[in-house]
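J.: Here it is, the structure, as structure tokens.
The values are calculated or read from the model by the stated rules, or taken from the named source; none is laboratory data. What you see is a predicted model, and the numbers here were worked out from it, not measured in a lab. Cβ coordinates were reconstructed from backbone atoms using ideal geometry, including for glycine residues, and neighbour counts include every protein chain displayed.
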Amino acid sequence: MTSLGSMPTEVLPFTPAAIARAVVLLQSGSVVAIPTETVYGLAARADDSAAVRRIFEAKGRPSTNPLIVHVSDIDAAKALALEFSAAAERLAEAFWPGPLTLVLKRRAGMVAEEVVAGGQTVAVRVPASPATRALLEAARLPLAAPSANRSMSISPTTAEHVVKSLAGRIPLVIDAGPCTHGIESTIVDVTREPAVLLRPGAVSLDALNAVAPVVDPGAIVVSRDELAPSPGTSQRHYAPRATLRLIEPDVFLDELEKRRAGGALIGAISFMAEHSRDTTVEFLGTEPEAYAASLYAALHRLDDAGCREILVAAPPRTSSWRAVRDRLRRAAASE
Ligand code: TXA
Ligand code: MG
């Protein structure tokens, strides 16, 4: 019997020796936390049910929520799929290696049933971070990896975040510093024609559409029931312990002052330079990419500081802020 919460968790900087150690663990069916360019992932070999179950166990993740499989190149991705559409080809060509996940018709027998939660599709991506690439090349295995946090909490963008969430439950974290993108991959269902956006993320919809038509179910009149749901995109998902509130920018400082009047510890996050005059406001930059890269770290920091509430100035309703707004909305949802 495995007893969770008692195993020593080692943190190793990204070196050839660390990769070698991770490969031994992964090949023997253990889990390892790895730095991808989006967020830290909790990896296990995707072809082994027992290994994959260790991911769900360590995270406390419901077994109905399927995992993304990480592979080293497009050919390895095609090996997992029954078909690879022309749109899939163009998107893979343009964005791999990188923060794009494609949902494909699954070829039977390639990954454990637990990875796909019994479904007929498989989500695949070719990651770009040097550490994850080195690991995939050395391990020669497809790696299933969700974000390396306890289920329902904020995704980790540093090795410290992983340790805070999973220490004692996993044997190893490879530390390659903060993640470049800091927000999860964009997920596109390419089993449909045209392809459908399932989760906004590090690759913007505009960038996708410059390469192949991808429809945004948030923007077209189509019943949500007709679309393959991304099971993990349940309402509350990226949530801190503190209550997060989205506030319109023009009343943000007034609202902050009001809520702090009683002496409560209230965190504040904004994209507006003028809000940074208040030095207690975490100013994350005016551009969505930079903002996304530091958002989760800011939420972790304010949560750890014991803030009861975190006020966030609501970013513009423009397409470039779509992924950030999606995460903020989920973090703010009350259930
Ligand atoms: O950037 C990322 O994608 C990170 C890094 C580690 O690669 N991973 C990540 O995994 O965000 P996770 O498990 O936190 O989110 C994966 C999402 C979930 O919402 C899950 O429901 C969805 O992908 N998903 C997985 N397989 C799917 C499938 N076959 N069809 C539809 N959605 C799927
Ligand atoms: Mg996650």
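J.: Condition (residue is more than 21 Å from Y291 (Cα to Cα) and at pLDDT below 95) applied to region 203-216: is it met by at least one residue? Before the answer, list the steps.
T.: Step one: filter region 203-216 for residues more than 21 Å from Y291 (Cα to Cα), giving 209-216.
If we keep only those that are at pLDDT below 95 as well, we get 216.
Yes, the conditions are met somewhere in region 203-216.
J.: Filtering region 151-163 down to residues that are modelled with pLDDT of 95 or more and surrounded by fewer than 22 Cβ atoms within 10 Å (Cβ to Cβ), which residue is nearest to ligand 1 (Cβ to nearest atom)?
T.: Restricting attention to region 151-163, the residues satisfying the condition of being modelled with pLDDT of 95 or more are 155-163.
Retained after the next criterion (residues that are surrounded by fewer than 22 Cβ atoms within 10 Å (Cβ to Cβ)): 158, 160, 163.
Numbers: T158: 14, E160: 17, V163: 16 Å.
Selected residue: T158.
J.: Find the residue count for region 98-150, including only residues that are farther than 18 Å from T64 by Cα and of a type in the set (D, E).
T.: Selection size over region 98-150: 1.
J.: Here are some conditions: (1) free of Cβ contacts under 8 Å to residues at least 60 places away in the same chain; (2) touching a strand residue (DSSP E or B) at 6+ places or on another chain (Cβ under 9 Å); (3) more than 24 Å from A202 (Cα to Cα); (4) not hydrophobic (A, V, I, L, M, F, W, C). G118 meets all but one. Which one does it not meet?
T.: Failing condition for G118: (2).
J.: Somewhere in region 124-145, is a residue over 25 Å from E160 (Cβ atoms) and within 8 Å of ligand 1 (Cβ to nearest atom)?
T.: Among the residues of region 124-145, not one is over 25 Å from E160 (Cβ atoms) and within 8 Å of ligand 1 (Cβ to nearest atom), which makes the answer no.
Yes or no, residue by residue, for (1) within 22 Å of S165 (Cα to Cα); (2) not in a helix (DSSP H, G or I):
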| site | (1), (2) |
| --- | --- |
| V11 | yes, yes |
| V24 | no, no |
| A33 | yes, yes |
| A51 | yes, no |
| R54 | yes, no |
| E57 | yes, no |
| R61 | yes, yes |
| T64 | yes, yes |
| D75 | no, no |
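J.: Considering only residues that are surrounded by 15 or more Cβ atoms within 10 Å (Cβ to Cβ) and either small (G, A, S) or out of contact with any helix residue (DSSP H, G or I) (no Cβ under 8 Å at 6 or more places or on another chain) (or both), which ones fall in region 96-110? Give the derivation first.
T.: At the first step, the residues of region 96-110 found to be surrounded by 15 or more Cβ atoms within 10 Å (Cβ to Cβ) are 96-106, 110.
Within region 96-110, G98, P99, T101, V103, K105 meet the criteria.
J.: Among the numbered criteria (1) among the polar types (S, T, N, Q); (2) within 11 Å of ligand 1 (Cβ to nearest atom); (3) without any contact (Cβ under 8 Å) to a residue 40 or more places away in the chain, which one does T38 miss?
T.: Unmet for T38, out of (1) among the polar types (S, T, N, Q); (2) within 11 Å of ligand 1 (Cβ to nearest atom); (3) without any contact (Cβ under 8 Å) to a residue 40 or more places away in the chain: (3).
J.: List, please: which pairs have Cβ atoms under 7 Å, are six or more places apart or on different chains, and start with a residue in region 135-155 that is more than 16 Å from R54 (Cβ to Cβ) and end with one that is of a type in the set (S, T, N, Q) and more than 9 Å from ligand 2 (Cβ to nearest atom)?
T.: L136/S72; E137/S72; S153/S165
J.: How many residues are more than 13 Å from ligand 1 (Cβ to nearest atom), touching a residue at least 24 places away in the same chain (Cβ under 8 Å) and closer than 17 Å to L141 by Cα if we restrict to region 41-68?
T.: 7
J.: I'd like the residue in region 96-120 that is among the hydrophobic types (A, V, I, L, M, F, W, C) and in a strand (DSSP E or B) and, out of all such residues, is nearest to R133 (Cα to Cα). Before you say what the answer is, go through the steps one by one.
T.: Filtering region 96-120 down to residues among the hydrophobic types (A, V, I, L, M, F, W, C) leaves 96, 100, 102-104, 108, 110-112, 115-117.
If we keep only those that are in a strand (DSSP E or B) too, we end up with 100, 102-104.
Numbers: L100: 15, L102: 18, V103: 20, L104: 21 Å.
Looking at residues that are among the hydrophobic types (A, V, I, L, M, F, W, C) and in a strand (DSSP E or B), I get L100.
J.: Could you say which residue among L256, L302 is in a helix (DSSP H, G or I) and either in contact with a Lys or Arg (Cβ under 8 Å, 6 or more places away or on another chain) or closer than 30 Å to T36 by Cβ (or both)? Explain how you work it out, then say what you get.
T.: Details: L256 fails: either in contact with a Lys or Arg (Cβ under 8 Å, 6 or more places away or on another chain) or closer than 30 Å to T36 by Cβ (or both).
Going through L256, L302 in turn, just one is in a helix (DSSP H, G or I) and either in contact with a Lys or Arg (Cβ under 8 Å, 6 or more places away or on another chain) or closer than 30 Å to T36 by Cβ (or both): L302.
J.: Scanning region 52-90 for residues that are among the β-branched types (V, I, T) and over 12 Å from A145 (Cα atoms), which turns out farthest from ligand 2 (Cβ to nearest atom)? Step through it out loud before you land on a result.
T.: Residues of region 52-90 among the β-branched types (V, I, T): 52, 55, 64, 68-69, 71, 74.
Applying the additional criterion that residues be over 12 Å from A145 (Cα atoms) yields 64, 74.
Working: T64: 14, I74: 24 Å.
Among residues in region 52-90 that are among the β-branched types (V, I, T) and over 12 Å from A145 (Cα atoms), the one farthest from ligand 2 (Cβ to nearest atom) is I74.
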